[in-house]
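Undergrad: Quick one: this structure, given as structure tokens, is what I'll be asking you about.
Values in this text are rule-based calculations from the coordinates and carry no lab data. The model shown is predicted, which means the values in this text are computed figures rather than measured ones. Neighbour counts run over all protein chains shown; Cβ positions are idealised from the backbone, glycine included.
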Amino acid sequence: MRESLYRPMSAQTEAPLCSVPVTRITTTHKRLDHRFTIHITSPQNVHTTHHTPIYVLLQYIQVLKYKIFDLYRQWRENNERRSEDIINTYLQHSIDENALQKLGTEKYVIIEQIIYAALDCHYYSLAKMWTLKLNDEFPNSLRVLRYRVLCLEAEGQYKKARSELENITTIDRTQAPACKRFVTIYKAMGLIPEAIKELVFYLKQFISDVEAWQELCEMYLVIQEYSKAVFCAEEQILHSPHHHLLHQRLADIRYTMGGVENMELAKTYYCQALKLNPDNMRALLGLFLVTNNLLGQYKSSGSTKRKEIWKLSQWVQSEISKRQKKAKTPASVPTLTNLMLTLAITE
């Protein structure tokens with residue numbers, strides 16, 4: 001995607017800075033969604049009869065930059081990416097190295113934010129500029145080398161990025177972020193088997209990385225290795241046994257695999273997901289499909305299994321009907337849930 005698609009909005013000011021005749025200077029960063037506004041007010045002892053001197057305005061601009069750094073800090077603490085906001089404030093207020101020098105060691109964290117934001121918004125030249133400055137200051141830093149890898153990867157230079165990553169892993173094979181970048185590069189190149197191989201190697205060293213297990217599960221599903229995807233989903237449940245979505249996901253995979261044994265296991269996991277979160281509509285609909293399938297398997301009307309599944313099926317249908325009434329959906333509008341209920345097997 002071209003950089004022009006992410007061009008920031010122009011600054012909106014009422015008058016040039018050199019001719020503001022009031023005691024209050026208001027700088028507003030306006031976005032389409034009005035997510036934040038910055039106000040800088042001058043001290044009350046400034047006279048209003050004269051134009052504000054240019055050096056005072058420059059002081060206000062400097063204060064404004066520190067307000068922006070406070071915003072960056074707040075977004076970091078809240079784990080908010082806010083890439084477009086960071087790039088817009090950076091470009092509009094001309095944040096340079098001199099402004100960052102007064103922040104001490106925090107400047108490196110802010111530079112990292114700027115690099116990631118620039119890569120997200122396709123400002124590759126900006127990301128490379130700050131990466132080169134960090135490289136001049138820390139020529140042997142593996143972290144800075146990872147920034148270079150990210151820049152190469154963002155530009156589609158996968159072979160060069162992989163070569164740089166090999167340099168990192170040669171020095172320190174326990175660099176978890178570098179190992180993960182191998183996986184992303186292989187995925188971007190469409191080499192899913194190689195990505196799986198790299199991720200399996202990574203998990204042998206970092207077995208407690210739940211996100212890595214989730215990613216491996218997704219890739220196994222892409223190549224339809226359902227039994228291996230089940231193993232990965234079970235590993236996630238071991239780490240987070242009370243997460244209802246994990247139980248639901250494992251039930252979905254079991255249902256996809258088919259067969260009576262897998263349907264029974266899917267039923268168990270759907271029930272557990274509903275136990276952990278009774279409002280999980282997807283698990284409820286999944287349980288309906290599973291019971292419908294099992295009723296087709298247990299055809300003997302006198303069998304205990306069929307009676308048990310039939311009772312569960314009736315409960316599921318009643319619960320779905322209750323949810324439909326709560327949603328106040330007009331009866332004339334055919335919904336997916338209503339269409340699914342027409343598939344119900346009668347006694």
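Undergrad: Could you please report the charge total around Leu245, scoring K, R as +1 and D, E as -1 over all other residues with beta-carbon less than 13 angstrom from its beta-carbon?
TA: Around Leu245, the surrounding residues sum to 0.
Undergrad: Using a cut-off of 19 Å between alpha-carbon atoms, which aspartates and glutamates can reach Lys275, once sequence neighbours fewer than 8 places away in the same chain are excluded?
TA: Excluding near neighbours in sequence, the set is Glu234, Asp252, Glu264, Glu308, Glu319.
Undergrad: Kindly flag which residue pairs out of Lys67/Lys107; Lys197/Lys228; Lys305/Lys325; Lys107/Lys128; Lys305/Lys326 have an alpha-carbon separation exceeding 20 Å in this structure.
TA: Check vs 20 Å cut-off fails for Lys305/Lys325; Lys305/Lys326.
Undergrad: Moving to a separate point now. Give me the dipole magnitude in Debye, nearest 20, for region 235-324 about the Cα centre, with unit charges on the beta carbon: positive for Lys and Arg, negative for Asp and Glu.
TA: Dipole of region 235-324, to the nearest 20 debye: 320 debye.
Undergrad: Tell me the trypsin sites (Lys or Arg not before Pro) within region 243-321 that lie in a loop according to DSSP and have at most 15 other beta-carbon atoms within 10 Å.
TA: Lys299
Undergrad: Using +1 on the beta carbon of Lys and Arg, -1 on that of Asp and Glu, and nothing else charged, what's the dipole of region 137-252 about the Cα centre, debye to 20?
TA: Using Cβ point charges on Lys, Arg, Asp and Glu, region 137-252 gives about 320 debye.
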